[in-house]
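Beneath this line is the structure, given in structure tokens, with notes to follow.
The values are calculated or read from the model by the stated rules, or taken from the named source; none is laboratory data. Quick caveat, the model's predicted, so the values are computed rather than measured. Don't worry about glycine lacking a Cβ; one is built from the backbone with ideal geometry, like all the others, and counts go over all protein chains shown.
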Amino acid sequence: MSLLPTARLAAALASAALLAPLAAHAAQPTTASFTFTGSGFSGTDPLAGAWTVFPESFGPMLLDEPPFGDGDMQVFQGGHGLADATSFTLTYTGSKPDAFDKTLGSGLTHVETPEGVTWKTKFISATEVEFIAPKGDELKPGDTFDFQVAFNKTIPAADFSFTATWAGDAVPAPEPQSWALMILGFGAAGAFLRRRGRAAAA
């Protein structure tokens, strides 16, 4: 009896087992986001270190990363499911309306890299601003940047709170179900070959 059909079937099973995790990986979402909450006049961004709020000569208050004024750069740490960052959204959640100083545009309110690349500043509302990287630009873990948001009024520390969301490409991760399917597929192919081999020998 020829074993050619058996070999073909085993190859088909093995191919299916190999393609299963690839298909599952292709179906995974390609973007991810991470949100943290800040309050008071200082705190830590899990993806980018410390931030602080201090008086600014051009306006009542300035939220700054890093917390030491112009000339210093913050380091994007990555992690939390993000392979990189292509946008950053800050939402003031305190009780003061019209919190952001929108007249300054991307002057004091900005995200900028050491190469002089300034992310697009988009005021979604009086209390929400989004920074979007130009096409082809992103922050990778270890990259430095400068971030500031200017406010048009003094806000007491007890009433100063915000949420901030980093978004970008997701870190690819194999799904456990996919690897389990691949192992089962190889096991089934091996068992089939063994049974056919014993039948042929008999």
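Filtered by the rule that a residue be within 27 Å of the chain's Cα centre (by Cα) and at pLDDT 90 or above, the stretch 90-99 gives LEU90, THR91, TYR92, THR93, GLY94. Could you check, for the stretch 138-148, whether at least one of its residues is of a type in the set (S, T, N, Q), assigned by TED's automatic domain parsing to the domain that holds GLU65, in contact (Cβ under 8 Å) with a residue 12 or more places away in the chain and over 14 Å from MET73 (Cα atoms)? There is no residue in the stretch 138-148 that is of a type in the set (S, T, N, Q), assigned by TED's automatic domain parsing to the domain that holds GLU65, in contact (Cβ under 8 Å) with a residue 12 or more places away in the chain and over 14 Å from MET73 (Cα atoms). Does LEU90 qualify as being part of a strand (DSSP E or B) and either free of Cβ contacts under 8 Å to residues at least 60 places away in the same chain or in the same structural domain as PRO66 (by TED's automatic domain parsing) (or both)? Taking the combined requirement at face value, the residue satisfies it. Among the conditions (1) touching a Leu at 6+ places or on another chain (Cβ under 8 Å); (2) modelled with pLDDT of 95 or more, ALA200 misses just one, which is (2). Among residues of the stretch 116-134 being part of a loop (DSSP other than H, G, I, E, B) and modelled with pLDDT of 95 or more, the one that is surrounded by the fewest Cβ atoms within 10 Å (Cβ to Cβ) is PRO134.
Here ASP84 clears all of (1) acidic (Asp, Glu); (2) exposed (fewer than 14 other Cβ atoms within 10 Å of the Cβ); (3) at pLDDT 90 or above except the condition numbered (2).
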